[in-house]
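Report on the structure given below.
The numbers here are math on the coordinates, done by the rules we state, and not lab data. Bear in mind the structure is a predicted one, so any value in this text is a computation, not a measurement. So basically every Cβ, Gly included, is an ideal-geometry build from the backbone, and we count neighbours across all protein chains shown.
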Amino acid sequence: MLHSPNVSARVDHLGKLSRQELRTLWEKEFSEKAPTTLGRDVLALGIAYARQERRHGGLAKSVAREFERLLAQVLLGEAAGGTEPFRTPLPRTGTMLVREWRGTTHNVTVADDAFLWNGKTYRSLSAIAYAITGTKWNGPRFFGMREGKGKTAKDRRGG
């Protein structure tokens, strides 16, 4: 039943179930009791995600690695008082980054573990920024994803 092709039909009905029904379903899906603190919506989202992940696959390797890195950083206490700022999370695969430099517009496509620019694959945005400008840049900063000293675009928006 878990591997049936009609995942969307098996996910759509979750919003209509009671909290108790979702808790029972959680036990069947995960082979463990649902955390008592989770409400209906979170239970439904967790079950839906598990079903979709089984059907379509999990996170991209790069995203899973970033989650692991962030988790390790938080668990080691580095996030609270460490000197290393958080890295800017990269946009999802397929996102197009656009930067104008000296009258030329440059389009970079985010891939799973690389970036595509001018028909070539690059391992980092910094390498592309260097290819464009001829000088060393922080790649996420060059493409407007963060300001200096670890500030992100979210910091600029005040969120």
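Structural remarks
- Length available on full extension from Lys61 to Glu32: 0.36 nm per residue minus the Cα-Cα distance, which gives 7.8 nm.
- Spread of Cα-to-Cα distances over 5 Å intervals beginning at zero, given as percent, for the stretch 7-56: 5, 24, 36, 25, 10, 1
- If the chain linking Trp137 and Gln73 were pulled fully straight, counting 0.36 nm for each residue of separation and taking away their Cα-Cα distance, it would gain 20.5 nm.
- Distance between the 7 Å Cα→Cβ label points at Ser18 and Leu116: 5.1 nm.
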